Amino acid sequence: MQDKIQRWLNEPSLEPALKNELLKLSDAELSDAFYKDVSFGTGGIRGVIGVGTNRLNIYTVRKALVGFSRYLLKTQPNIKREGIVIAYDNRHNNVLFAKTCVGVLAAHGIKSYLFEALRPTPLLSFAVRHLSAGGGIMITASHNPPKYNGLKMYDKDGCQLVPSLANQVIDEVNAIEDLFDLPSVTYDAATDKGLVELLGRNVDQAYLEALEPLKAGTPAKKTLRIVFTPLHGTARELGLRALQEAGFDVRVVESQMITDPDFKTVASPNPENQSAFELAQQLGDETKADLLIATDPDADRLGVAVRHHDQYVYLNGNQTGALLIDYLARQHQAQGSTPEKGLVFTTIVTSDFGARIATSYGFDVRRTLTGFKYIGEQMATLDAQGETFVMGYEESYGYVLADIVRDKDAIQALLV
């Protein structure tokens, strides 16, 4: 470990800000920052932002991206032309890390489609297939504390890498020995080479239009009163637009519509925790709202509370998933569109509550391993098998209702 620390201290190319941070660390902090390398797992990398090999910084991000780039070049012959979509949420250093990803991809001749500002995880998944790209990168730490950031890698189907693919990336990452000797160019150089294309409202609009079938059969006049909070995250625009354009009466928690990487108004920006709804419930009590809806920072998870006898009842992920299944099944029946081989996905740790409802409507139910990447992987096989996707969900507040996204999608879920 001491060799690692000295390597960083003596490295002339080390960013001045990181070197200053390094010099200020106590012995205990140095030990934690260098005792291991930040691990690249099946979900990508996630860690505390800062200096050191066990931290998220431009050097560890470059290492992950060099491994990903080498994997892409070996496995996808058209990757330079197809390119990679990059999105980021409201975390600290997200723009810096996004441009770092662009620089590494460009050094390998791979084009980047970079969103011009923060966007939700489901939009990243949507954009990969919408643009016929070769994969994607989402820079996010989901609902972890503010000191964290991370990168999630996606395949050409807009699905997070399953272990068989992620392990190939991990092998490439683990083969890298020197963090300071990695191919990269500046963001400006990548732009000059024509290897960066900025994405904006056109992709947003395409996504919202793709949600239209989910509105089928809803009443023209909507009397529900809804309080919505994105918990300072990426659903603040697309989530609100989806509800408003569907005609719902929506009030927002104004203080949580502000992009804030420190999440100052909540102890944890996690809609699985009732405490995250404190301000939403205050507004709900004032306005007698029927529903409270909260999404996490990268808008892949959703939590709901329902007003019942002047009290708010908080639904867990199994309950919300069961209600969504029942609603979708009823809509299919009303429209005469129930598929002959409709399939609902859950996971092995999700309760059978929703599965029993699904089978009562004639749908088949398939359980996957824990993790939405396994649901996304199965979704990509259905057409070839003559089956029709109906819905996928897991108990940890993740749902997908239309096969335009192959990851959790809180915006689809809040609309339905």
### Message
Using Cα springs under 10 Å in a Gaussian network model of the chain, which residue among Arg367, Arg91, Arg81 shows the largest mean-square fluctuation?
### Response
Arg81
### Query
So who's got an amide H within less than 5 Å of the one on Arg367, skipping anything under 5 residues away but keeping other chains? H placed 1.01 Å off N, in plane.
Thr346
#### Entry: Above-threshold pairs, the threshold being 23 Å between Cα atoms, out of Lys36/Lys111; Lys264/Lys288; Lys288/Lys408; Lys36/Lys147; Lys111/Lys156
Lys36/Lys111; Lys264/Lys288; Lys288/Lys408
### Query
For segment 212-325, with only Lys/Arg (+1) and Asp/Glu (-1) charged at the beta-carbon, what is the dipole magnitude about the Cα centre, in debye rounded to 20?
420 debye
### Query
For the pair Asp192 and Ala175, how long in nm is the line joining their label points, each one 7 Å along Cα→Cβ?
3.1 nm
### Message
Of the candidates Asn167, Asn54, Asn318, which one comes out as most mobile in a Gaussian network treatment of the chain with C-alpha springs shorter than 10 Å?
### Response
Asn167
### Summary
Volume per residue (Å³) of the convex hull spanned by the alpha carbons of the chain is 143 Å³
### Query
How far is the Cα center of segment 316-370 from the Cα center of segment 41-96, in Å?
35 Å
### Message
Loop by DSSP (not H, G, I, E, B), at most 15 other beta-carbon atoms within 10 Å: where is the longest site-free stretch of the chain for GluC sites (Glu not before Pro)?
### Response
178-339
### Message
What does the extension gain come out to for Glu340 and Lys288, with contour length at 0.36 nm per residue minus their alpha carbon separation?
### Response
14.6 nm
### Dipole moment magnitude, nearest 20 debye, segment 170-278 about Cα centre, only Lys, Arg, Asp, Glu C-beta charged
1120 debye
### Task
Specify the angular offset, from 0 to 90 degrees and rounded to the nearest 10, of the alpha carbon long axis of helix 278-287 from the longest principal axis of the alpha carbons in the chain.
30 degrees
### Message
Ignoring everything except DSSP H segments at least 4 long, calculate the 222 nm mean residue ellipticity for the chain; use -39,500 (n - 2.57) per segment, divide by total residues, nearest 500.
### Response
-11500 deg cm²/dmol
### Task
Give me the number: length gained by fully extending Val95 to Leu382, i.e. 0.36 nm times residue separation minus the C-alpha to C-alpha distance, one decimal in nm.
99.7 nm
### Query
With +1 on each Lys and Arg Cβ and -1 on each Asp and Glu Cβ, how big is the dipole of the chain about its Cα centre, in debye rounded to the nearest 20?
360 debye
### Message
Please state the shape class of segment 303-348: rounded when a/c is under 1.5, otherwise prolate if a/b exceeds b/c and oblate if not, all from the C-alpha gyration tensor.
### Response
oblate
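Taken together, the values in this text are just the output of simple stated rules run on the coordinates, not laboratory data. Please read these numbers as outputs of a predicted model, since none were measured by experiment. Glycine gets a Cβ as well: all are built from the backbone with ideal geometry, and neighbour counts include every protein chain shown.
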